[in-house]
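Values quoted throughout were computed directly from the atomic coordinates according to the rules given, and no laboratory measurement underlies them. Since the structure is predicted, the reported quantities are computational estimates derived from the model, not experimental observations. Here the Cβ positions follow ideal geometry from the backbone for every residue, glycine too, while neighbour counts run over all protein chains shown.
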């Protein structure tokens, strides 16, 4: 997975280099996150991360240059997603057909200075898998229902955002936005890709990652449950028996 | 106040969990059932993944049953010999149940199995108990002397006869072993103690006196659910200790209150109340199976 991520980053780096040469602009984007990690603790109920960015210019932009926009794509670690469809058998509803998703991030959100369709061309979106219609894929086009269901279910859970988060762009130089991480995020590396768009074409990108990790007691319990399952099981039982005995003793003393 | 559950990997209101635990605990103490048949569906309703709900509930039942059985041991209303026979069957059943659970989880039918099991068992037991207790109440109102049934059925013809002093019975060890095994399967698959099927079976099939039924069933439930907890923890990694702890804080307190309420109520009243509750849960789950669901698709984490 780490290898795949590096490869992807190299590919995007090449793409961005090519596109910036093509565009002939000396504009590059730099961005910084308020935090590059999210800790899942016992009281975790979501997190908000601020993204700040600036556009570097080596020369002033000529007046004929098209509209400038910023798109920030946040995509969670891909998970193996199996989608099942219920069917009525006789009188009851049972899981029947199932489809394995080709690509489905565990989290997906877009922050931009406007609606995605208006900011970039269709070919750019297809090239960069930008937007839910490209980021979520099934191998077989006939399974479109399943793809839509994945998007719908994720949107209801809050793990895919339905609307584009606004990005505040000041003087075509500075921009800022707020990335909301919902409570039900999964652990892993989240890719934050900041894209600078001029004339509906991406001319510069900057990528950073947010690492979501369980910490403290949560991490300890999770690791114990998976690595020392037998001890964890005994511990759970010990806690249960102790709690049962304590309650019984307390009530015996209180009520005689 | 929200709390993040490490194994279920979701955030839930802490007071909601303690409240659910308490409510189910009271019922559990009153009726001598683990309460799992109510708690497990409630956990599904608040969004806990079924596999986690079932395994965690087994752990929680250990606590509430242990708390309940201590009171019965003091009152000498536990038949340890009968409990041990039930337990041996229970362990065998639970081991088989966990394997079935694992297999059906892989093919994506575990939710269906759980719901169907609930509908079938709750429907059967609920209606039987309801009719029987209604009859009992009518009889006591007419102040007719209760029929002393000394049944001699096929059960009395089986070999391996044993004397169960506390229950005042001399019967074959096979029926209690089979009852125990059936309950063990249910414990593993449905995340229940199985009291709702064991209690009626002990009364109507084995012919045990009502007084010792609850204590003895709790005794068996503790060990079977403890075994189930270990099986799920080591094979499926689905026991959420934080969830279990919160449920049992409410649960053990509720069970103590419930036991005291139960002592003050008549057996027929208890049984008819339990029957109504069992039928209610059955109806709700049955409707969920038959009515067109609002979402036909579901995301699984993969069957590999």
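Once you order the gyration tensor axes a ≥ b ≥ c over the Cα atoms, which shape class does the stretch A:215-256 get: rounded for a/c under 1.5, otherwise prolate or oblate by comparing a/b with b/c? Verdict is oblate for the stretch A:215-256. Over the stretch B:48-95, the fraction of Cα-Cα pairs per 5 Å bin, rounded to whole percents and listed from the shortest bin up, is 5, 16, 17, 23, 20, 11, 5, 2. Fully extending the segment from residue A:170 to residue A:90 would add 22.7 nm, taking 0.36 nm per residue of separation and subtracting the current Cα-Cα distance. Per residue of A:149-159, other chain Cβ atoms within 10 Å of the residue Cβ number 2 on average. Helix B:210-235 sits at what angle to the longest principal axis of chain B, using alpha carbons and giving 0 to 90 degrees rounded to 10? Between helix and principal axis, roughly 30 degrees. A helix-only calculation puts chain A at -11000 deg cm²/dmol for mean residue ellipticity at 222 nm, using -39500 (n - 2.57) for each DSSP H run of at least four residues, averaged over all residues. Given R₀ = 35 Å, what would the calculated FRET efficiency be for residue A:223 paired with residue A:52, taking r from the Cβ atoms and rounding to 0.05? Step by step, r from the Cβ atoms, then E = 0.55.
Could you list A:245, A:93, A:220 in order of exposure, starting from the residue whose Cβ has the fewest other Cβ atoms within 10 Å? Display every interim value, and only then the final one.
Numbers: A:245 15, A:93 18, A:220 12.
Placing the least packed residue first, the sequence is A:220, A:245, A:93.
With a Förster radius of 60 Å applied to the C-beta separation of residue A:186 and residue B:273, the computed FRET efficiency comes to 0.90. The stretch B:224-293 and the stretch A:155-193 have Cα centres lying 41 Å from one another. With each label modelled as a point 7 angstrom along the Cα→C-beta vector, the residue A:117-residue A:230 pair spans 6.0 nm.
Peptide A:219-231 is shielded by partner chain Cβ atoms: per residue, an average of 3 of them sit within 10 Å of its Cβ. Once the Cα atoms are used to define both axes, helix A:229-255 deviates from the longest principal axis of chain A by about 50 degrees.
A Förster radius of 56 Å, combined with the Cβ-Cβ distance separating residue A:145 from residue B:134, puts the computed FRET efficiency at roughly 0.70. Computed from the alpha carbon atoms alone, the convex hull of the protein assembly as shown holds 166 Å³ per residue.
Taking each DSSP H run with n ≥ 4 as -39500 (n - 2.57) and averaging over every residue of chain B yields -24000 deg cm²/dmol at 222 nm. For the peptide A:79-85, the mean number of other protein chain Cβ atoms found within 10 angstrom of a residue's Cβ is 5. With the Cα gyration tensor of chain A giving a ≥ b ≥ c as the square roots of its eigenvalues, does the rule (a/c under 1.5 for rounded; else a/b larger than b/c for prolate; else oblate) give rounded, prolate or oblate? Cα axes put chain A in the prolate bin. Compared with the dominant Cα axis of chain B, that is its longest principal axis, helix B:110-141 is turned about 30°.
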